[in-house]
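Below you'll find the structure, written out as structure tokens, and then a few comments.
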Amino acid sequence: MSYLALYRKYRSQTFDEVMGQRHVTQTLKNALRTGKVAHAYLFCGPRGTGKTTTARLIAKALNCDAAPTDNPCNKCEPCIRITEGRSMDVIEIDAASNRGIDDIKELREQVRYAPTQERYKCYIIDEVHQLSADAFNALLKTLEEPPPHVYFILATTEAHRVPKTIVSRCQRFDFRTATVQDLMQNLRRVASAEGIKISEEALWVIARAANGGWRDSLSLLEQVAAYSSDEEISAQEVNAILGSVELPALFALADAVASRNPGEVFLTIDRLVSEGKEPRRLLTALGGHFRDLMLTIAAYEHAVERFGPELAAQYREQAQKVPPKFLLHAAETLQTAESQLKWSADHRLLLELTLLKLAYEVDGRGQEQQTAPPAVRTQQEAPSAKPAASKIEPRPSVEQTKALEKPPQTTVRPQQRISLEAVLARWHEVRELVRQNSKSLYPLLERT
């Protein structure tokens with residue numbers, strides 16, 4: 001048998017093995033046990049969280065010889081065929097490459113025929129949001145009233161792109177990303193089963209790099225395991241393989257910014273870039289680092305669960321060196337700089353300027369610190385400067401002072417009342433003035 005990737009080899013084969021999605025698996029198990037399975041499901045969530053795996057488990061539970069059952073036996077022929085991907089009645093469709101209306105018309109034709117091998121036909125449409133608008137419209141009627149032998153399971157990573165008319169015809173489940181601790185537990189189990197020697201720090205680095213994805217974590221573990229043979233894999237080796245930034249380097253950069261040490265900023269960036277770290281990765285890692293610092297200030301108990309007590313204490317110690325507002329400002333500044341990379345010709349220069357700017361904004365006010373306010377600086381410089389010779393002017397007399405203090409006199413002209421008879425008597429003069437100054441208004445007055 002050919003080599004299987006770890007994420008395929010350790011794919012969950014029962015609902016109880018699906019990790020981190022109990023709110024989904026428990027509901028589906030109850031529906032299968034009571035025979036109240038919906039004709040269409042919509043699975044939403046990030047990549048690598050178990051959407052396709054759960055869809056296959058539903059297909060196995062529906063077609064298992066022991067059905068109705070909430071957990072397939074994985075021993076009967078239908079279960080084995082579905083597990084090996086050779087069942088003719090469990091059809092997986094990639095909507096990214098089969099997204100047109102012609103593909104959906106073909107599906108509608110196939111739906112009418114009875115199953116060939118299994119009890120039910122199950123259509124698993126992955127990345128369903130990639131379907132075109134016409135394809136969605138063509139699918140509506142079939143999805144609303146499918147034949148009794150057909151079940152639809154739609155999966156998507158972008159639920160907001162699925163039309164509401166489709167969502168309303170399905171039961172929706174939202175899959176959650178895994179925590180770092182859950183990923184470490186699964187990685188530890190797989191590493192032990194595969195005989196991979198790896199340190200706890202290295203497992204933590206892999207779990208962090210996976211961003212909550214079960215499949216991504218196993219793919220990264222497989223990549224790291226190929227690097228080493230017999231020796232234990234360390235966190236430094238994992239960082240070198242994955243190209244990620246080590247925690248000590250992030251703490252060093254944050255300390256250099258907090259202590260307003262531009263020389264240390266330049267030296268640390270130079271060392272990391274010479275090791276092959278990209279400025280984009282550095283900006284992303286630093287943004288996440290300041291986010292973690294904010295987490296330890298805002299919710300320390302959650303930080304302990306996420307990082308462990310030792311690392312959480314290290315984060316809190318560094319976070320207390322700067323004002324909390326500065327942490328938020330630094331994370332926003334780094335994110336803005338990351339978005340500007342595509343417009344910059346020198347990524348390293350942009351990284352250095354961003355960190356130097358933060359070093360001079362460590363007071364959290366968003367402005368450069370001045371060594372002393374202008375008023376204080378003037379007083380300090382006063383003793384060293386010789387006073388200039390001032391010109392002595394004569395004091396004003398008493399009469400001049402009174403004249404200056406007296407308020408200015410304003411001449412008020414009495415208002416004159418103009419009667420209607422006076423206006424009519426000089427009306428010809430008014431018309432002549434209007435004729436000379438406004439040719440558009442004169443025809444209106446000419447009638448009067």
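Annotations for the structure displayed:
- Exactly one residue out of Thr27, Thr53 is under 30 Å from the mean Cα position of the chain (by Cα), outside any strand (DSSP E or B) and surrounded by fewer than 14 Cβ atoms within 10 Å (Cβ to Cβ), and it is Thr27.
- One residue from Tyr41, Tyr10 being over 24 Å from Val128 (Cβ atoms), aromatic (Phe, Trp, Tyr), buried (at least 16 other Cβ atoms within 10 Å of the Cβ) and modelled with pLDDT of 90 or more: Tyr10
- Each residue in the stretch 311-357 was checked for being surrounded by fewer than 18 Cβ atoms within 10 Å (Cβ to Cβ) and outside any helix (DSSP H, G or I), and 7 of them qualify.
- Residue list for the stretch 168-201, filter: surrounded by 15 or more Cβ atoms within 10 Å (Cβ to Cβ) and among the aliphatic types (A, V, I, L, M): Ala178, Val180, Leu183, Met184, Leu187, Val190, Ala191, Ile196, Ile198
- Of all residues in the stretch 71-89 being part of a helix (DSSP H, G or I) and closer than 9 Å to Gln13 by Cβ, the one that is nearest to the chain's Cα centre (by Cα): Thr83
- Just one of (1) over 23 Å from the mean Cα position of the chain (by Cα); (2) touching a residue at least 40 places away in the same chain (Cβ under 8 Å); (3) not in a helix (DSSP H, G or I) fails for Val273. It is (3).
- Top-ranked residue of the stretch 218-230 - restricted to ones that are under 27 Å from Leu283 (Cβ atoms) and touching a residue at least 40 places away in the same chain (Cβ under 8 Å), ranked as surrounded by the most Cβ atoms within 10 Å (Cβ to Cβ): Leu221
- Ile206 meets all of the listed conditions (1) within 18 Å of Tyr7 (Cα to Cα); (2) modelled with pLDDT under 90; (3) β-branched (Val, Ile, Thr) but one, namely (2).
- Where a residue in the stretch 298-310 is part of a helix (DSSP H, G or I) and its partner, wherever it lies, is among the charged types (D, E, K, R), with Cβ under 7 Å and at least six apart: Tyr300/Arg316
- Residue match in the stretch 96-109 (condition: more than 28 Å from Asp134 (Cβ to Cβ) and buried (at least 20 other Cβ atoms within 10 Å of the Cβ)): no
- Count of the stretch 128-146 residues, restricted to those that are surrounded by 15 or more Cβ atoms within 10 Å (Cβ to Cβ) and part of a loop (DSSP other than H, G, I, E, B), is 2.
- For the stretch 231-240, a residue qualifies if it is in a helix (DSSP H, G or I), over 25 Å from the mean Cα position of the chain (by Cα) and buried (at least 18 other Cβ atoms within 10 Å of the Cβ), and the qualifying residues are Ala235, Glu237.
- Of all residue pairs spaced 6 or more apart or on separate chains, those with beta-carbon atoms under 8 Å, a first member in the stretch 353-368 that is over 13 Å from Leu327 (Cβ atoms) and a second member that is among the small types (Gly, Ala, Ser) and at pLDDT 85 or above are Thr354/Ala337; Leu355/Ala256; Ala359/Ala256.
- Unique residue being modelled with pLDDT of 90 or more and either within 33 Å of the chain's Cα centre (by Cα) or not acidic (Asp, Glu) (or both) when the list is Ala66, Ala61: Ala61
The values are calculated or read from the model by the stated rules, or taken from the named source; none is laboratory data. Model, not experiment: these values are computed from the prediction. All Cβ positions, even for glycine, are placed from backbone atoms using ideal geometry, and neighbour counts span all protein chains on display.
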